[in-house]
1. So if I place +1 on the C-beta of Lys and Arg and -1 on the C-beta of Asp and Glu, and nothing else carries charge, what would the dipole magnitude of chain B be about its Cα centre? I want it in debye, nearest 20.
2. For residue B:20 paired with residue A:76, estimate the spin-label separation in nm (one decimal), with each label point 7 Å from Cα along the Cα-to-Cβ line.
3. Which value, in debye to the nearest 20, describes the size of the charge dipole of segment A:1-110 about its Cα centre when Lys and Arg Cβ atoms bear +1, Asp and Glu Cβ atoms bear -1, and nothing else is charged?
4. What are the equivalent ellipsoid semi-axes of the protein assembly as shown, built from the alpha-carbon gyration tensor (square roots of five times its eigenvalues), in whole angstrom, biggest first?
5. Under a crude label model (7 Å from the Cα following the beta-carbon direction), how far is residue B:38 from residue B:67 in nanometres?
6. Where in segment A:44-64 is the amide nitrogen less than 15 Å from a point lying 7 Å along the Cα-to-Cβ axis of residue B:96?
7. Grab the beta carbon distance between residue A:5 and residue B:110, set R0 = 41 Å, and tell me the FRET efficiency rounded to 0.05.
8. Which Cα, out of A:44, B:101, B:89, lies furthest along the positive dipole direction of the protein assembly as shown (beta carbon charges, K/R +1, D/E -1)?
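Values in this text are rule-based calculations from the coordinates and carry no lab data. Because the structure is predicted, anything quoted here is derived from the model rather than measured. Backbone-built Cβ (ideal geometry, glycine too); neighbour counts: all protein chains shown.
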Amino acid sequence: KQEVTQIPAALSVPEGENLVLNCSFTDSAIYNLQWFRQDPGKGLTSLLLIQSSQREQTSGRLNASLDKSSGRSTLYIAASQPGDSATYLCAADPTQGGSEKLVFGKGTKLTVNP
Amino acid sequence: DTAVSQTPKYLVTQMGNDKSIKCEQNLGHDTMYWYKQDSKKFLKIMFSYNNKELIINETVPNRFSPKSPDKAHLNLHINSLELGDSAVYFCASSQDSPLHFGNGTRLTVT
């Protein structure tokens with residue numbers, strides 16, 4: 001059974017700092033690994049999706065890496081801003097096609113202080 | 001022009017009542033989902049519907065029943081509500097990945 005863990009549960013940094021959020025998964029047989037952002041009172045917004053054949057994906061100040069063999073993914077945020085404050089969730093998808101088997105971590109709550 | 005919209009945003013009700021949460025998506029996606037996020041923030045899938053067919057149903061009590069009148073709608077009906085049903089319920093849709101989520105319905109059962 002796939003389990004996804006995110007450490008730390010919460011992180012507070014000053015504005016401008018570069019930071020890394022960690023995600024680990026127990027079953028390396030994944031189709032893709034996804035990172036989401038959740039703002040208070042809102043649903044999840046997809047940030048990056050890394051296919052199992054890829055090592056990393058980049059979008060603006062965000063860079064996500066994937067190491068299937070070690071069961072780890074990281075989300076790197078460069079030059080953090082207060083607007084980056086949110087909860088970041090990773091999810092492992094074991095199957096191609098629909099997302100019904102996506103397994104989520106509990107998230108890391110990030111606070112970027114001005 | 002919200003992509004995935006669900007109503008109501010908040011729902012407070014007493015134990016034993018029956019309630020429904022509505023969800024609509026205007027993305028033309030084939031598959032819609034219901035997720036439950038409990039007080040410990042775990043997000044778990046409850047149902048998914050693809051072209052009006054239920055294609056997955058995790059170990060969810062049969063008091064919960066999804067209803068899809070058409071491809072753009074997936075409503076969640078809950079009978080005989082219990083205290084443990086209190087959570088945030090998210091609707092989502094996808095055309096393969098990634099998922100597009102609604103803003104959630106916070107259900108409080110008293």
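1. Magnitude of the dipole: close to 300 debye.
2. Between residue B:20 and residue A:76, the simple spin-label model gives 5.0 nm.
3. Values: 10 positive and 10 negative charges, 27 e Å.
Roughly 140 debye for segment A:1-110.
4. On the way: eigenvalues 177, 81, 51 Å².
Taking √(5λ) for each eigenvalue gives 30, 20, 16 Å, largest first.
5. 2.7
6. A:49-54
7. Computed FRET efficiency for residue A:5 and residue B:110 comes out at 0.80.
8. Of the candidates, B:89 comes out farthest on the positive side.
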